[in-house]
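Structure first, then comments.
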Ligand code: RNT
Ligand code: ZN
């Protein structure tokens, strides 16, 4: 233990914060690392272009082209990230030679991933993939007016839930199955209700099958608009918030899916008041849902503050969701994961009860003064201690490792 850490420990103790307790809580938080940062959401199906109103920009060399490369890259990233986490998969990452379409996938098509996760003590989460597919070419899936298209995607979502359930059972820790659909229109629609009625019916059928709720959590993810889908989104926030509340599934909030001044941090306590669990896609929107690598910015810290303040570390599924093709993809994972953890640590090192009391007493001066002074408390020392205890590189020392990996492995692809 460094003197640096001892000094920090004392300062935080002065605020009534036990740094050891904070470190313990932080090590229990599993973050779901999205596999799709590793290959710009390409997947293993040889599907053509990324579609559905999302886009990865950039052409940094060395992206993973198959299961072996993607898992090698994930391993390299996990070597730089303290703690034990989860991997978030999309259905398009099936490792299968059965030649089945997405509506017929089954747990056996993900056996390679389960073996991978088991060997490393990782958890797995899952997402049906309702984009980058010929049957989603016009960005209409579960709300399509064509019953055959709806059927295909309903079946895909049904088998996806079973795959996620199998992850939960095999790995002994709950898996989240999250449904996001691109459905919407570029032009102002003549009918806003019809597509939503069809989406509601499709979801009802998908969730009608009772699976093991001790290992499977279902969530639905809303959006505000997509590229080429500027006028109307079927699965809006209001749609899903009401659907989730009435049907006992979780709301998943992606902080790139709201209007620019609308904050997910502010929504967290409202949702936690009415539902036991909540799911997040943590991302960084710049002007639009651009999915930049997560920085340790004010909103990330506020999201973490809300989770911690609400005492909800075990009620929130935290997953990352961004895909930047313009930089080293392993580094992109490491930066985002470490930032999410730093934000949580900063929240765990905040004397929330004390500041809340200022608020309730109407002492705005003390509230502001303490919030601002806390920003320069020596959290870095506690973070370094966390990294040291977890045997991962301190500070920016991971970068040299990742650069070596790029030279030795990524650039040879
Ligand atoms: C798209 C949604 C969705 C996807 C991933 C790949 O806007 O955020 O979550 O990013 O499922
Ligand atoms: Zn998302």
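The values are calculated or read from the model by the stated rules, or taken from the named source; none is laboratory data. As the structure is a computational prediction, the values presented were derived from the model and not from experiment. Cβ coordinates were reconstructed from backbone atoms using ideal geometry, including for glycine residues, and neighbour counts include every protein chain displayed.
Those residues that are more than 16 Å from ligand 1 (Cβ to nearest atom) and in a helix (DSSP H, G or I), I need them from the range 114-144; list them, please. 114, 115, 116, 117, 118, 119, 120, 134, 135 - these are the residues of the range 114-144 that are more than 16 Å from ligand 1 (Cβ to nearest atom) and in a helix (DSSP H, G or I).
Return yes or no: is residue 239 more than 22 Å from residue 28 (Cβ to Cβ), in contact with a helix residue (DSSP H, G or I) (Cβ under 9 Å, 6 or more places away or on another chain) and assigned to a loop (DSSP other than H, G, I, E, B)? For residue 239, the condition - more than 22 Å from residue 28 (Cβ to Cβ), in contact with a helix residue (DSSP H, G or I) (Cβ under 9 Å, 6 or more places away or on another chain) and assigned to a loop (DSSP other than H, G, I, E, B) - is not met.
The numbered conditions (1) over 15 Å from residue 142 (Cβ atoms); (2) out of contact with any helix residue (DSSP H, G or I) (no Cβ under 9 Å at 6 or more places or on another chain); (3) within 16 Å of ligand 2 (Cβ to nearest atom) are all true for residue 224 except (2). From the list 133, 90, the one residue that fits, being surrounded by fewer than 24 Cβ atoms within 10 Å (Cβ to Cβ), touching a strand residue (DSSP E or B) at 6+ places or on another chain (Cβ under 6 Å), more than 20 Å from residue 244 (Cα to Cα) and modelled with pLDDT of 95 or more, is 90. Among 148, 164, which is the only one that is away from ligand 1 (no atom under 16 Å from the Cβ), part of a helix (DSSP H, G or I), closer than 28 Å to residue 197 by Cβ and modelled with pLDDT of 95 or more? The conditions single out 148. Checked against (1) part of a helix (DSSP H, G or I); (2) buried (at least 24 other Cβ atoms within 10 Å of the Cβ); (3) in contact with a strand residue (DSSP E or B) (Cβ under 6 Å, 6 or more places away or on another chain), residue 153 passes all but condition (3).
Residue-level check: of (1) over 19 Å from the mean Cα position of the chain (by Cα); (2) within 16 Å of ligand 1 (Cβ to nearest atom); (3) buried (at least 23 other Cβ atoms within 10 Å of the Cβ), residue 220 misses just (1).
Residues in the range 271-291 that are under 18 Å from the mean Cα position of the chain (by Cα) and under 19 Å from residue 57 (Cα atoms): 282, 283, 284, 285, 286, 288, 289, 290, 291.
Residues in the range 357-384 that are in a helix (DSSP H, G or I) and exposed (fewer than 10 other Cβ atoms within 10 Å of the Cβ): 360, 365, 372. Taking each residue of the range 249-270 that is more than 20 Å from residue 320 (Cβ to Cβ) and at pLDDT 95 or above and looking for partners that are more than 16 Å from ligand 1 (Cβ to nearest atom) and not in a helix (DSSP H, G or I) with beta-carbon atoms closer than 7 Å, six or more apart or interchain, yields 269/310. Within the range 183-199, is there a residue that is within 16 Å of ligand 2 (Cβ to nearest atom), out of contact with any helix residue (DSSP H, G or I) (no Cβ under 9 Å at 6 or more places or on another chain) and farther than 20 Å from residue 150 by Cα? Among the residues of the range 183-199, not one is within 16 Å of ligand 2 (Cβ to nearest atom), out of contact with any helix residue (DSSP H, G or I) (no Cβ under 9 Å at 6 or more places or on another chain) and farther than 20 Å from residue 150 by Cα, which makes the answer no.
For the range 173-217, give me each residue that is within 20 Å of the chain's Cα centre (by Cα) and either farther than 15 Å from residue 126 by Cα or within 16 Å of ligand 1 (Cβ to nearest atom) (or both).
175, 176, 177, 178, 179, 180, 181, 182, 217, listed by residue number.
In a loop (DSSP other than H, G, I, E, B) and within 14 Å of ligand 2 (Cβ to nearest atom) - does that describe any residue in the range 268-277? Checking the range 268-277: not a single residue is in a loop (DSSP other than H, G, I, E, B) and within 14 Å of ligand 2 (Cβ to nearest atom).
Just checking, does the range 174-182 include any residue being under 22 Å from residue 131 (Cα atoms), more than 16 Å from ligand 2 (Cβ to nearest atom) and in contact with a strand residue (DSSP E or B) (Cβ under 7 Å, 6 or more places away or on another chain)? Scanning the range 174-182, I find at least one residue that is under 22 Å from residue 131 (Cα atoms), more than 16 Å from ligand 2 (Cβ to nearest atom) and in contact with a strand residue (DSSP E or B) (Cβ under 7 Å, 6 or more places away or on another chain), so the answer is yes.
Given the structure, is residue 343 buried (at least 18 other Cβ atoms within 10 Å of the Cβ), in contact (Cβ under 8 Å) with a residue 60 or more places away in the chain and within 30 Å of residue 410 (Cβ to Cβ)? Considered against the rule, which asks whether it is buried (at least 18 other Cβ atoms within 10 Å of the Cβ), in contact (Cβ under 8 Å) with a residue 60 or more places away in the chain and within 30 Å of residue 410 (Cβ to Cβ), residue 343 comes out as no. The residues in the range 9-50 that are within 13 Å of ligand 1 (Cβ to nearest atom), in a loop (DSSP other than H, G, I, E, B) and buried (at least 20 other Cβ atoms within 10 Å of the Cβ) can be counted, and the count is 5.
Given the criteria within 16 Å of ligand 2 (Cβ to nearest atom) and either under 24 Å from residue 309 (Cβ atoms) or surrounded by fewer than 19 Cβ atoms within 10 Å (Cβ to Cβ) (or both), does residue 246 qualify? In short, no. Residue 139 falls short of the stated requirement of being closer than 23 Å to residue 178 by Cα and either out of contact with any strand residue (DSSP E or B) (no Cβ under 7 Å at 6 or more places or on another chain) or free of Cβ contacts under 8 Å to residues at least 24 places away in the same chain (or both). Quick check on my filter: what residues within the range 242-263 are within 16 Å of ligand 1 (Cβ to nearest atom), outside any strand (DSSP E or B) and under 28 Å from residue 124 (Cβ atoms)? Correct list: 244, 249, 255, 256, 257, 258.
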